[in-house]
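Note sheet for the following structure.
The values are calculated or read from the model by the stated rules, or taken from the named source; none is laboratory data. All values reported here derive from a predicted model rather than from experimental measurement. Backbone-built Cβ (ideal geometry, glycine too); neighbour counts: all protein chains shown.
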Amino acid sequence: MVDINNIVIIGAGLMGHNAAQIALMAGYNVTLVDIKDEFVDNGVAKVEEGLKKLEEKGKLGEGVVTANLMGKLKKSIDLASAVKDADFVLEAVIENMNVKKEVFKTCNENAPEHCILATNTSTMSITEIASATSREDKVIGMHFFNPPILMRLIEIIAGEKSSDESMDIGVKIGESLPCLRGKRFVPKVLKDRPGFIVNRMNAPSQIYFNYLLDKCDAEGIPWEQFDADAAGKMPMPPCVLFDYIGIDTLSHTGNYYAKTLSPDFKPGKVITRMVEENKLGRKTVQGFYDWSKGRPKPDTSKKAGLLNLELTFAIGLNEGCRLLEEGVCTGFKVIDEANMAGMNTPGPFGAGKKNWEKWSKMLEDLAAETGKDYLKPCALMKSGGFVKMRK
Ligand SMILES: NC(=O)c1ccc[n+]([C@@H]2O[C@H](COP(=O)([O-])OP(=O)(O)OC[C@H]3O[C@@H](n4cnc5c(N)ncnc54)[C@H](O)[C@@H]3O)[C@@H](O)[C@H]2O)c1
C-alpha cells in the first residue's frame, strides 16, 4: 500500500475546512483548494481558529502547537497544480454532479498515477463521478458526518469499479483522523446505493412525517401540538428539527430518493408549499416557526396525539433490513454502530430483535393507512431472518 503524506482537499466550505483541520492534526501535509482567494482564505482562517481553540483547551497533544500545524497547510485556487504531488484527494465541493465531474477530470489529468480520488458527496453516485476519470479503480466515496471533528463515522463507499486496495487506503486514512468524541468508526459500504448506510436508514421516516404534516394541515392542527407529541422523546421535536435542517434541504433529499428509491419519498403538500413560499426555516428566519429570537421553544402542554415514535424505529429497522438484503454492508452490527457513530442514537436492530413481529404488523397497517407501499415490511423484516444473523 502506498504511503500517504500529501492530502489535497477541494472545497474550503463547511465540510472541507473541518476535514483539513483533522488531516493536519493527524500529521498530513494538507493543501486546501477553492475557486476564489476569499473562499480559501476563509477556510484557512477557520482551520486556524479550530486548532487554536483546541490548543487553548490542551487538546492538540503534548508539544503540538497551532503554528506548527498551520505550517503544513498550503492553500490554492489552481486545482491542476495543487494536485501535482497529491497522494490522496478529498473532494468536498458543492453537491452538483457537473461540478464534481469537472473537478475529478482535472484531478485525473494532473494528479500522480497512484493518487486516490475520494468524494464526500452525501447523495450522488460514486460510480458516475468516477466515470469522469480514467482511474475508476482509484475513486471511492468518503462520507463524513457534520462536523467531522465531532462525528465518529466516516463511510467508505465502493463505486462499481473501486479496487479493494483503494477502499483499504480510504479506511486507513479515515481511521487515522482524530475525533474529539472517541474512536473513529470507518465501515466499508459495499454497494453504491442512494444514501449509503446511515442517511438511507433514516430517510424513510420522512415519508411518515410528510404524511403526518399534511394531516395536521388538513385538520388545522398547530405544529406546536404535533411537536408536543415528541416532548421528552426526541432531542429536538420534528418541526423544530426540520426548520433547523432547512425545508429546502428536506425537499431536495426527498426528491432525490423519489427518483432513486421510490416515488413515495416525494415531498408532501406542506413541505412543497413552504419551499414555494421561501419559508425554509432557520436560514430564512421563518419556517414552521419564527426564528427571529433564536431557537423556538414550542409549548408542550397540548398534544396532537398523532406521532407514534415506535413507528419511526420500525421504519428504521425495515430500511436496515433492506440494506442487508441489497448487500450494502457486511451485517447488522455495522448498521447499528454506524448509526451510533454518525447520529449519536442507537441503531434499530437491538430493539428490533424483540419487536420485529409487532413492528411488521404496525408497518403493514401504516402502509395501508398512508397508501405508501414503501413502508411495507420487506421480506427479511417480515421473516425475522436477521435475528439469527451473527454479525
Ligand atoms: N454539510 C453537511 O452536513 C454535509 C455532510 C456530509 C457531506 N456533505 C457533502 O460535502 C460536500 C460539501 O458540502 P459543504 O456543506 O461543505 O458545502 P459548502 O457550500 O459549505 O462548501 C462548498 C465549497 O466548495 C467550493 N467550490 C465550489 N465549486 C468548486 C470547484 N470547482 N473547485 C473548488 N471548490 C469549489 C465553494 O466555493 C465552497 O467553498 C457536498 O458534496 C455535500 O453534499 C455535506
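Please work out which residue is modelled with the lowest pLDDT, limiting yourself to region 7-21 and to residues that are outside any strand (DSSP E or B), of a type in the set (A, V, I, L, M) and within 6 Å of the ligand (Cβ to nearest atom).
Of the residues in region 7-21, the ones outside any strand (DSSP E or B) are 11-21.
Subset that is of a type in the set (A, V, I, L, M): 12, 14-15, 19-20.
Next, from what is left, pick out any that are within 6 Å of the ligand (Cβ to nearest atom): 12, 14-15.
Numbers: ALA12: 98, LEU14: 91, MET15: 95.
Per the criteria, the residue is LEU14.
Return the residues of region 230-250 that are buried (at least 21 other Cβ atoms within 10 Å of the Cβ) and under 16 Å from the mean Cα position of the chain (by Cα); say none if nothing qualifies.
Once the filter is applied, which keeps residues that are buried (at least 21 other Cβ atoms within 10 Å of the Cβ) and under 16 Å from the mean Cα position of the chain (by Cα), region 230-250 yields PHE242, LEU250.
How many of the residues in region 51-81 are under 27 Å from the mean Cα position of the chain (by Cα) and over 19 Å from ILE22 (Cα atoms)?
Qualifying residue count for the region: 2.
Can you find a residue that is within 12 Å of the ligand (Cβ to nearest atom) and either within 19 Å of VAL189 (Cα to Cα) or not assigned by TED's automatic domain parsing to the domain that holds ASN344 (or both) anywhere in region 158-171?
Here is the first cut: in region 158-171, the ones within 12 Å of the ligand (Cβ to nearest atom) are none.
No, there is no match, as no residue in region 158-171 is within 12 Å of the ligand (Cβ to nearest atom) and either within 19 Å of VAL189 (Cα to Cα) or not assigned by TED's automatic domain parsing to the domain that holds ASN344 (or both).
Report whether or not VAL270 is under 15 Å from PHE209 (Cα atoms) and of a type in the set (A, V, I, L, M, F, W, C). Quick ask: steps written out before the conclusion?
Details: under 15 Å from PHE209 (Cα atoms): yes; of a type in the set (A, V, I, L, M, F, W, C): yes.
It is true that VAL270 is under 15 Å from PHE209 (Cα atoms) and of a type in the set (A, V, I, L, M, F, W, C).
Show me the strands (runs of 3 or more DSSP E) entirely contained within region 79-156 in which 2 or more residues are in the same structural domain as ASP37 (by TED's automatic domain parsing), away from the ligand (no atom under 14 Å from the Cβ) and among the aliphatic types (A, V, I, L, M). Give the steps one after another, and end with the answer.
Values: elements: 88-91, 116-119, 139-144.
Strands (runs of 3 or more DSSP E) meeting the threshold: 139-144.
Collect the residues in region 279-296 that are assigned to a loop (DSSP other than H, G, I, E, B) and surrounded by 12 or more Cβ atoms within 10 Å (Cβ to Cβ), keeping them in residue-number order. So that I can check it myself, show each step before the final result.
Our first condition is that a residue be assigned to a loop (DSSP other than H, G, I, E, B); within region 279-296, this holds for 279-281, 285, 287-289, 291-296.
Hits for region 279-296 are LYS279, LEU280, GLY281, VAL285, GLY287, PHE288, TYR289, TRP291, PRO296.
Just one of (1) surrounded by 14 or more Cβ atoms within 10 Å (Cβ to Cβ); (2) modelled with pLDDT of 95 or more trips up LEU60, so point out which.
All conditions are met except number (2).
Select from region 1-58 the residues that are without any contact (Cβ under 8 Å) to a residue 40 or more places away in the chain and among the aromatic types (Phe, Trp, Tyr) and list them in ascending order.
The one that is without any contact (Cβ under 8 Å) to a residue 40 or more places away in the chain and among the aromatic types (Phe, Trp, Tyr): PHE39.
Just to confirm my filter: which helices (runs of 4 or more DSSP H) fall fully inside region 192-260 and include at least 1 residues that are more than 20 Å from THR300 (Cβ to Cβ)? Break it down into steps so the answer makes sense when it comes.
Values: elements: 198-202, 205-219, 223-228, 238-245, 247-260.
Qualifying helices (runs of 4 or more DSSP H): 198-202, 205-219, 238-245, 247-260.
GLU224 is checked against (1) surrounded by fewer than 19 Cβ atoms within 10 Å (Cβ to Cβ); (2) on the phi < 0 side of the Ramachandran plot and fails just one. What number does that condition carry?
Exception for GLU224: condition (1).
State yes or no: is ALA351 within 27 Å of the chain's Cα centre (by Cα) and within 28 Å of ALA158 (Cα to Cα)? First the steps, then the outcome.
Working: within 27 Å of the chain's Cα centre (by Cα): yes; within 28 Å of ALA158 (Cα to Cα): no.
The answer is no for ALA351.
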